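Input: a single structure, listed below in structure tokens.
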Amino acid sequence: MVTRVYETRIAAPVEALRDFHESVEALVKLTPPGTKVEIIGEDVAVREGALHVLRIRQGPLTTVWKARLSEVTENGFVDTMEAGPA
């Protein structure tokens, strides 16, 4: 399995970043232009074990992504793709 780690330093309080990432608005703002994301799963909480299911449309291509959250702390989380593009 390929593992990718992305880290970004942002000059903002941790609480503000956590609140942003726990909102559906974050998904919209972080999605690249030309890509449409639809939440099709019912579990949208940022909590240990949550499974986020998304339909991603980019041009004529559509795929379903499933991401499981783990290592959820007040400072961040890990999302592991269980299904999606290889």
task: Would you please list the contacts, defined by Cβ atoms under 8 Å and residues six or more apart or on different chains, that run from a residue in the range 17-42 that is in contact (Cβ under 8 Å) with a residue 40 or more places away in the chain to a residue that is assigned to a loop (DSSP other than H, G, I, E, B) and loosely packed, with under 13 Cβ neighbours inside 10 Å?
output: Arg18/Glu74; Arg18/Asn75
field: Members of the range 19-39 found to be assigned to a loop (DSSP other than H, G, I, E, B) and loosely packed, with under 11 Cβ neighbours inside 10 Å, listed by number
entry: Pro32, Pro33, Gly34
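Conditions tested, residue by residue: (1) within 19 Å of Ser70 (Cα to Cα); (2) in contact with a Phe, Trp or Tyr (Cβ under 8 Å, 6 or more places away or on another chain).
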{"site": "Tyr6", "(1), (2)": "yes, no"}
{"site": "Ala12", "(1), (2)": "no, no"}
{"site": "Phe20", "(1), (2)": "yes, no"}
{"site": "Glu25", "(1), (2)": "no, no"}
{"site": "Asp43", "(1), (2)": "yes, no"}
{"site": "Leu54", "(1), (2)": "yes, yes"}
- request: Take Glu71 and decide whether it is under 23 Å from Val2 (Cβ atoms), assigned to a strand (DSSP E or B) and either at pLDDT 90 or above or not small (Gly, Ala, Ser) (or both).
  value: yes
- request: Count, please, the residues in the range 64-76 that happen to be in contact with a helix residue (DSSP H, G or I) (Cβ under 8 Å, 6 or more places away or on another chain) and surrounded by 14 or more Cβ atoms within 10 Å (Cβ to Cβ).
  value: 0
field: Which numbered condition Glu71 fails, given (1) within 18 Å of Thr35 (Cβ to Cβ); (2) in contact with a Phe, Trp or Tyr (Cβ under 9 Å, 6 or more places away or on another chain)
entry: (1)
message: Given the criterion at negative phi and in a loop (DSSP other than H, G, I, E, B), identify the matching residue among Thr62, Thr3.
response: Thr3
query: How about the range 1-18: which of its residues are among the basic types (Lys, Arg) and surrounded by 10 or more Cβ atoms within 10 Å (Cβ to Cβ)?
result: Arg18
Where Pro85 falls short, out of the listed (1) more than 21 Å from Tyr6 (Cβ to Cβ); (2) part of a loop (DSSP other than H, G, I, E, B); (3) not charged (D, E, K, R): (1)
Answer residue from the range 41-59, given it is over 13 Å from the mean Cα position of the chain (by Cα) and part of a loop (DSSP other than H, G, I, E, B) and is surrounded by the most Cβ atoms within 10 Å (Cβ to Cβ) among those: Glu48
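The values are calculated or read from the model by the stated rules, or taken from the named source; none is laboratory data. Bear in mind that the values here come from a model prediction, so they are computed numbers and not experimental data. With ideal geometry, Cβ positions are generated from the backbone for all residues, glycine too; neighbour counts draw on all protein chains shown.
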